[in-house]
Each structure stands twice: as structure tokens, then as C-alpha cells.
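Peer 1: Below is the structure I would like to discuss, written out as C-alpha cells.
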Amino acid sequence: EGVTRIAVVSEEPSRYNGRSDMAPGVSIDHRDRFETVQKELRAAPGVSVLIFDQTCAAEKRRRRKKGVLADPKKHVFINEEVCEGCGDCSVKSNCLSVEPVETKLGRKRRINQSSCNKDFTCLDGFCPSFVTIEGDVAAHERTRAHDALARDVEAAFKNLPAPHPNGIRLADAGPYNIVLAGIGGSGISTISAILGTAAHLDDQTAASMTLTGLAQKGGAVISHLRLSPSGAQIHGARVPPASADLLLGFDLVVSAEKPALELVDRTRTRAILNPHLNPTAAFVENNDIAYDDAAMRGAIEKTCRETLALDATRVIDAFMGNALYANIALLGFAAQSGTIPIGLEALIQAIRLNGIDVEKNLYALALGRVLAHDSALLERAAQRDAIQTPETLDALIAHRKKLLASYQDAAYAERYGDLIAKVSQVERRVSPDSIALTETVARAYYKVLAYKDEYEVARLYTDGRFQRSLAKHFDKNARLKVHLAPPLLAKKNPETGAPVKRAFGGWVFPVLKQLAKLKFLRGTRFDPFGYLAERRMERQLILDYERDVIRLIANLSPERLRIAIAIAELPNGVKGFGHIKTRNFEAAKAASLTLWDQYNAPQPAQNAA
């Protein structure tokens with residue numbers, strides 16, 4: 001065919017060792033060299049072929065679930081205290097299992113252990129927050145045994161009444177229509193099949209149809225299920241517009257989109273919703289994307305007769321350690337709420353006939369039923385691990401001052417408080433009803449002061465918070481490796497010039513503990529890290545920000561307030577470590593020039609009263 005060169009890049013190049021049936025001259029490389037090989041082929045004369053050998057992530061999960069593909073006893077965990085939320089791990093991995101997590105200090109990252117495909121490319125993100133855990137290390141069984149809420153829930157199993165019919169019965173007048181809305185890979189088609197099987201076991205007629213589209217890649221999937229009494233005809237499996245009796249909203253985004261909402265009716269449809277927000281593909285490209293989950297939930301509530309909610313993802317992850325059972329829990333919640341006209345025994349039998357993780361699925365079903373029956377337990381579950389953000393500006397400032405005292409010392413915290421007080425005084429005088437500038441400076445100035453140098457990263461790994469967070473997900477005897485690129489020691493990637501991270505075993509934690517104690521050297525002439533370009537940039541950023549804030553309040557006016565807030569907020573975008581942070585710093589510096597021009601522009605004259 002005239003092909004002059006064939007190149008293979010693979011996640012496991014060792015698979016090709018000893019192969020004797022390859023064409024002459026075929027090169028085999030690890031996928032890490034994908035871009036380099038592309039450039040080589042671009043320069044090669046004639047026609048070339050590049051083969052990327054890797055199993056689809058969704059297919060890997062299916063095979064592992066079926067037991068036909070080994071599941072690596074290795075997990076990736078992010079130390080959220082160290083994470084800057086820069087998004088480089090998402091860029092490197094292009095993976096939706098790297099999820100946003102909202103914290104008191106803003107949006108950061110976590111790994112969804114339930115959907116992680118064990119690809120491990122997120123480790124390439126240039127960040128010291130990544131840890132790998134090896135071995136059979138799940139801790140949820142131990143956590144359940146010692147958790148008061150878990151004990152109360154399991155005690156409630158014994159006295160759980162049968163689901164209440166809630167006035168629902170199948171009638172010859174027309175089918176009972178159920179719409180299931182979710183994302184691919186989470187078992188929507190399986191639940192539809194379980195419901196259809198249960199209906200037949202309960203002597204009913206069922207017809208179903210599932211619209212998958214790109215669902216196999218994590219896209220939207222909508223399943224239609226129609227139920228009628230035995231022998232009654234169902235004309236078409238698709239639920240007609242505005243005729244759904246039940247919307248099972250396994251995913252908030254999909255449930256709030258037009259294909260699902262056009263099937264519901266304000267006077268007819270009940271919605272059972274999991275309000276947990278799963279990130280979309282847009283999050284990979286824009287790590288600061290804002291999801292208006294309140295608006296999406298409002299759209300569902302406005303178009304349905306009644307809406308009940310259970311954050312099944314968070315609850316199941318806490319109780320079972322695997323959020324993939326969340327959809328079965330929501331099914332149990334719906335059944336106990338009396339929105340599914342199928343007998344409980346038929347549902348249980350259908351789950352047993354499915355034959356996959358039967359006991360775990362039955363536990364999740366029962367858990368959902370308990371939370372639907374006992375509103376007090378539901379409220380306790382909803383409050384569990386909820387983010388407690390400072391409710392007032394004073395609380396926010398006090399929280400940041402406390403953190404800065406631990407970061408360095410009390411004088412450092414007072415330095416922070418003094419500048420905030422000056423901003424607050426001027427803003428109250430210029431615009432008595434506004435606290436926006438003070439709050440913006442309170443957040444951004446803290447971020448500038450608390451830059452994560454070697455001492456701070458070491459402290460955040462050894463002050464106990466990381467260990468407590470890890471213990472929620474993994475056994476205390478787990479074997480840990482921390483992935484770091486120590487300055488002066490890290491090798492450079494010959495292709496990109498960026499430092500290359502290395503894995504350090506558990507022996508590194510005593511070293512980090514001693515390093516954290518040396519934080520008193522920070523900023524002094526005896527600081528061995530203080531001469532690094534990144535550290536000099538961070539110290540200069542503190543001085544520049546303090547100078548800019550003083551300039552802002554010196555000329556602040558009601559007309560300049562909006563631009564002042566935009567300038568004060570710029571350091572919040574200076575995220576990351578090393579070359580990632582430098583790149584974000586340069587972008588913020590360029591943006592500041594434009595904003596300062598606007599701030600300094602002559603203000604329009606005000607008409608006298």
C-alpha cells in the first residue's frame with residue numbers, strides 16, 4: 001500500500017515482547033511518547049501509520065466488573081489540602097473521574113474512586129498532591145461498623161415496612177410511564193432491564209427502549225419504560241411527550257435537559273432525583289466552569305408535580321465505598337416512596353436474576369428504602385460531610401487568620417488582618433452597603449500569603465488532616481507513595497523541559513515532618529528554597545498585591561468599585577505549582593494591565609443634586 005513507516009504506541013508496550021509476526025521496522029513505544037512519535041511521523045516521507053493500542057476505559061470497567069479483566073490493586077488519591085485546583089491533572093488525563101470538590105478554600109480536585117479506570121495519567125499533572133495507594137485497602141466496611149449513622153440505618157432495616165402504593169395502580173386506560181435519565185456507564189440500561197424483568201415477574205406487561213447515543217463514553221442516556229396490566233397492549237415503547245408518570249433522575253444535568261423535560265407533565269409526573277452534580281466534559285477544558293445546580297433542580301421542580309431528592313451518590317459512597325450503587329439506592333428510594341407500581345419481592349428477585357453483585361445491590365436497594373421511610377435518618381445522611389463554609393465575612397477573615405498563624409506565625413496573621421481592616425474601612429465609607437471588595441481581598445490576599453512552598457506542602461502532609469482524610473477511604477495499613485518533583489533533584493522531561501515527578505514511599509513522611517518544622521526559615525536568607533525563581537516570584541507577588549490594594553483604596557469610588565474587585569481577584573487565578581503557576585502568573589499580570597487602565601481612566605462627572 002506504499003506505507004513507509006508503522007508506529008505503535010501502547011499503554012503496555014511489554015505486550016509486544018517476543019512477537020515474531022510484526023511487519024519489518026514497526027516501532028513500539030509507550031503512549032507517553034505519543035506526541036513525540038506524531039512529530040516523527042510528520043517529518044517522515046511518504047505515508048505513515050500510527051496505531052494507538054489501548055482498551056476503552058468504559059470497556060475496562062465493564063470487564064473488571066464481570067471479573068474477566070484484573071482490577072489493579074492500586075488507587076490514586078488527592079491530598080485536597082495541597083491541591084491548588086489548577087486543573088493540570090484534568091488536562092493531562094482528560095478524565096472525568098478527576099472531579100471538582102468545593103471546599104472552604106475554593107474548588108479543588110478529588111478522584112472518584114467508583115468510576116476511576118486505573119489509567120493513572122492524572123499522576124502526570126504537575127502537582128505534589130497526588131498519592132498512590134497499593135493493596136486491598138478499602139476502608140468502608142470498617143467505617144460502617146464504627147459509624148453511628150450507619151448503625152442506626154442498619155437497625156432500621158429490621159422494622160422497615162413494605163412500600164406504600166401512594167395511590168398508584170396499573171389501569172387499562174393506559175400504561176404507567178417511567179423515564180430514567182442518567183449517564184453512560186452508571187447502569188441505567190441495567191436498571192431499566194431489572195424493572196422490566198420485575199414487571200414480568202409481577203404479572204405485568206412491560207415495554208422498554210433505551211437511547212444511548214454517546215452514553216458509552218459518559219454521555220447522556222435516557223431509558224423509556226412502559227408498564228400495563230398483564231395482557232394489555234402497549235403501543236410503542238417510547239414514552240410520549242408530557243406523559244411520564246415518574247422521572248427517575250439519576251443525573252441532574254441529563255434530567256434537566258430538554259430530552260427529559262419534554263417527557264414530563266406539571267400535573268402528572270413525580271420526580272425522584274439524585275441532586276449530586278457529576279462533572280461534564282466541559283470541566284476538563286474549563287476547570288473554573290460554574291454549574292448552576294440550583295437552576296437545574298428548579299427546572300425539574302417547576303415542570304413536575306412533585307420532586308423528592310436523595311443525594312444517593314454521596315450517601316452510598318459513605319456507606320459502601322462505591323458510588324456505582326447509587327442508582328440502585330435511588331431505585332429503592334423511589335420504590336419505598338410508592339412511585340413504582342411493581343411488587344418489592346419482584347424487584348428483589350429481578351436483582352437476583354441479574355446475577356451481578358447481588359448482595360451489594362440488595363443492600364443499596366434497602367438503604368434507599370430506609371432513607372425514604374425515615375425522614376430523620378435522611379436528614380442526618382444529607383448533613384453528613386457537608387461543606388461548612390464561613391457564613392459571614394468576619395467568620396471568613398477569622399478562619400483565614402487562624403490558618404495563617406499555623407502557616408507561619410501570629411505576626412503573619414496580623415499582617416493579613418491589618419490590610420483587610422484598611423480595605424473594609426474605605427469600602428464602608430465609599431459604598432456603605434457593599435462588602436464585595438473586602439471579601440475579595442480577604443480571599444485573594446490569603447492565597448497570596450499562604451503560597452505552598454516545600455515547608456507548607458510538608459506540613460499539609462504531616463499535620464494529621466491528610467491521614468484523617470485518607471482513613472475515610474482506605475485502610476490505615478495501606479502502602480503509600482507520594483508523587484513529587486523535588487527542586488534541584490527532579491529530572492527534566494526531554495520533550496517538554498518540565499520537571500518529572502517521582503514516587504516516594506512511606507519513608508518520606510518522617511522526612512516531611514522534619515522539613516515542616518523548618519518553616520521559620522521561610523523568606524530568610526537561610527532558606528535554601530528561597531533562591532528558586534518560583535519562590536522569588538511568590539514573595540514578589542505578596543509585595544505587589546499589597547501595593548495594588550493600597551492603590552485601589554486610595555482612589556476608590558462607587559464607579560470604580562467593580563473594576564477594583566476584578567483587580568483584587570486576579571491572584572485567585574494564579575494557581576498551581578512550578579511552570580503551571582508561572583504560566584498563570586503571566587496571564588494574570590497581562591490581565592491586570594488592561595484592568596488598571598480602566599481603573600485609572602477619568603471618571604464621568606457626577607451631576608449635582
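The values are calculated or read from the model by the stated rules, or taken from the named source; none is laboratory data. Just so we're clear, the structure is a prediction, and the values are computed from it rather than from any experiment. Every residue, glycine among them, receives a Cβ derived from its backbone with ideal geometry; neighbour counts consider all protein chains shown. For the accessible areas, the whole protein counts, side chains as well, though only heavy atoms, and no ligand, DNA or RNA atoms are used. Shrake-Rupley method; radii C 1.70, N 1.55, O 1.52, S 1.80 Å.
Peer 1: I'd like to know if the range 402-424 contains one or more residues that are of a type in the set (Ser, Thr, Tyr) and out of contact with any helix residue (DSSP H, G or I) (no Cβ under 7 Å at 6 or more places or on another chain).
Peer 2: yes
Peer 1: Okay, moving on. Within the range 489-522, track down each residue that is surrounded by 14 or more Cβ atoms within 10 Å (Cβ to Cβ) and of a type in the set (D, E, K, R).
Peer 2: Of everything in the range 489-522, those that are surrounded by 14 or more Cβ atoms within 10 Å (Cβ to Cβ) and of a type in the set (D, E, K, R) turn out to be 501, 502, 513, 519, 522.
Peer 1: Of all residues in the range 48-82, how many are out of contact with any Cys (no Cβ under 7 Å at 6 or more places or on another chain), hydrophobic (A, V, I, L, M, F, W, C) and either open to solvent by less than 40 Å² (accessible area, probe 1.4 Å) or within 30 Å of residue 356 (Cα to Cα) (or both)?
Peer 2: 9
Peer 1: Considering every residue within the range 256-278, establish whether at least one is surrounded by fewer than 23 Cβ atoms within 10 Å (Cβ to Cβ), at pLDDT below 90 and part of a helix (DSSP H, G or I).
Peer 2: no
Peer 1: Does at least one position in the range 281-294 carry a residue that is part of a helix (DSSP H, G or I), closer than 30 Å to residue 258 by Cβ, at pLDDT 85 or above and out of contact with any Leu (no Cβ under 6 Å at 6 or more places or on another chain)?
Peer 2: Initial filter on the range 281-294 (part of a helix (DSSP H, G or I)): 282-285, 293-294.
Now narrow it down to the ones that are closer than 30 Å to residue 258 by Cβ: 282-285, 293-294.
Subsequent filtering for residues that are at pLDDT 85 or above retains 294.
Subset that is out of contact with any Leu (no Cβ under 6 Å at 6 or more places or on another chain): 294.
Yes, the range 281-294 contains at least one residue that is part of a helix (DSSP H, G or I), closer than 30 Å to residue 258 by Cβ, at pLDDT 85 or above and out of contact with any Leu (no Cβ under 6 Å at 6 or more places or on another chain).
Peer 1: Could you check, for the range 563-585, whether at least one of its residues is more than 33 Å from the chain's Cα centre (by Cα) and open to solvent by less than 80 Å² (accessible area, probe 1.4 Å)?
Peer 2: No, that holds for no residue.
Peer 1: In this structure, is residue 511 modelled with pLDDT of 90 or more and closer than 23 Å to residue 126 by Cα?
Peer 2: yes
Peer 1: Just give me the residues in the range 1-34 being open to solvent by 90 Å² or more (accessible area, probe 1.4 Å) and either under 22 Å from residue 495 (Cβ atoms) or free of Cβ contacts under 8 Å to residues at least 24 places away in the same chain (or both), in sequence order.
Peer 2: 17, 19, 20, 21, 24, 32
Peer 1: Let me ask something else about it. If you go through the range 468-478 one residue at a time, do you hit one that is open to solvent by less than 40 Å² (accessible area, probe 1.4 Å) and at pLDDT 90 or above?
Peer 2: Scanning the range 468-478, I find no residue that is open to solvent by less than 40 Å² (accessible area, probe 1.4 Å) and at pLDDT 90 or above, so the answer is no.
Peer 1: Would you tally the residues in the range 306-338 being outside any helix (DSSP H, G or I) and touching a helix residue (DSSP H, G or I) at 6+ places or on another chain (Cβ under 6 Å)?
Peer 2: Qualifying residue count for the region: 4.
Peer 1: How many of the residues making up the range 37-80 are touching a residue at least 24 places away in the same chain (Cβ under 8 Å) and small (Gly, Ala, Ser)?
Peer 2: Looking only at that region, the number is 5.
Peer 1: A further question on this structure: How many residues, within the range 107-139, are open to solvent by less than 30 Å² (accessible area, probe 1.4 Å) and in a strand (DSSP E or B)?
Peer 2: Qualifying residue count for the region: 7.
Peer 1: Something else about it: In the range 293-339, which residues are under 11 Å from residue 275 (Cα atoms) and of a type in the set (Asp, Glu)?
Peer 2: If the condition is that a residue be under 11 Å from residue 275 (Cα atoms) and of a type in the set (Asp, Glu), then 293, 311 are the ones that fit.
Peer 1: Also, quick follow-up: If I go through the range 549-562 residue by residue, how many of them are open to solvent by less than 20 Å² (accessible area, probe 1.4 Å) and of a type in the set (Val, Ile, Thr)?
Peer 2: 1
Peer 1: From the list 199, 232, 244, pick out the single residue that is over 34 Å from the mean Cα position of the chain (by Cα), in contact (Cβ under 8 Å) with a residue 40 or more places away in the chain and buried (at least 23 other Cβ atoms within 10 Å of the Cβ).
Peer 2: 199
Peer 1: On to the next question. For the condition open to solvent by less than 10 Å² (accessible area, probe 1.4 Å) and modelled with pLDDT of 85 or more, what is the one hit in 249, 298?
Peer 2: Details: 298 fails: open to solvent by less than 10 Å² (accessible area, probe 1.4 Å).
Exactly one residue qualifies, and that residue is 249.
Peer 1: If you don't mind, another one. Please indicate, with yes or no, whether at least one residue in the range 153-161 is modelled with pLDDT of 80 or more, farther than 22 Å from residue 461 by Cα and surrounded by 13 or more Cβ atoms within 10 Å (Cβ to Cβ).
Peer 2: yes
Peer 1: Just the residues that are of a type in the set (Ser, Thr, Tyr) and either under 14 Å from residue 289 (Cβ atoms) or assigned to a strand (DSSP E or B) (or both), please, taken from the range 83-103.
Peer 2: 90, 103, listed by residue number.
Peer 1: What's the number of the only condition in (1) out of contact with any Phe, Trp or Tyr (no Cβ under 9 Å at 6 or more places or on another chain); (2) surrounded by fewer than 18 Cβ atoms within 10 Å (Cβ to Cβ); (3) of a type outside the set (D, E, K, R) that residue 437 fails to meet?
Peer 2: Looking at each condition in turn, residue 437 falls short on (2).
Peer 1: Considering every residue within the range 524-547, establish whether at least one is closer than 30 Å to residue 433 by Cβ and touching a residue at least 40 places away in the same chain (Cβ under 8 Å).
Peer 2: Scanning the range 524-547, I find at least one residue that is closer than 30 Å to residue 433 by Cβ and touching a residue at least 40 places away in the same chain (Cβ under 8 Å), so the answer is yes.
Peer 1: Another question, if that's okay. Is it true that some residue in the range 489-496 is modelled with pLDDT under 95, of a type in the set (Val, Ile, Thr) and within 22 Å of residue 128 (Cβ to Cβ)?
Peer 2: yes
Peer 1: Within the range 83-97, track down each residue that is open to solvent by 40 Å² or more (accessible area, probe 1.4 Å) and either small (Gly, Ala, Ser) or at pLDDT below 85 (or both).
Peer 2: 94, 96
Peer 1: Here's another thing I want to ask about it. Say we look at the range 536-587 and pick out the residues that are part of a helix (DSSP H, G or I) and among the polar types (S, T, N, Q); which of these is farthest from residue 287 (Cα to Cα)? Quick ask: steps written out before the conclusion?
Peer 2: To start, the set of residues in the range 536-587 that are part of a helix (DSSP H, G or I) comprises 536-554, 558-573, 578-587.
Among the residues that remain, those that are also among the polar types (S, T, N, Q) are: 540, 572, 582, 584.
Numbers: 540: 26, 572: 13, 582: 17, 584: 13 Å.
Residue satisfying both the conditions and the ranking: 540.
Peer 1: State all residues of the range 441-455 that are farther than 17 Å from residue 543 by Cα and open to solvent by 20 Å² or more (accessible area, probe 1.4 Å); if no residue qualifies, say none.
Peer 2: Across the range 441-455, the qualifying residue is only 454.
Peer 1: Could you go through the range 313-329 and let me know if any residue there is surrounded by fewer than 24 Cβ atoms within 10 Å (Cβ to Cβ), out of contact with any Pro (no Cβ under 7 Å at 6 or more places or on another chain) and at positive phi.
Peer 2: yes
Peer 1: Which one is most open to solvent (accessible area, probe 1.4 Å) among residues in the range 301-312 that are out of contact with any strand residue (DSSP E or B) (no Cβ under 7 Å at 6 or more places or on another chain) and not β-branched (Val, Ile, Thr)?
Peer 2: Per the criteria, the residue is 302.
Peer 1: What helices (runs of 4 or more DSSP H), lying completely within the range 454-523, carry at least 1 residues that are without any contact (Cβ under 8 Å) to a residue 40 or more places away in the chain and of a type outside the set (D, E, K, R)?
Peer 2: By residue number, 465-471, 508-516.
Peer 1: Determine if the range 63-74 includes at least one residue that is under 15 Å from residue 111 (Cα atoms) and not aromatic (Phe, Trp, Tyr).
Peer 2: Within the range 63-74 (the criterion being under 15 Å from residue 111 (Cα atoms) and not aromatic (Phe, Trp, Tyr)), the answer is yes, since at least one residue qualifies.
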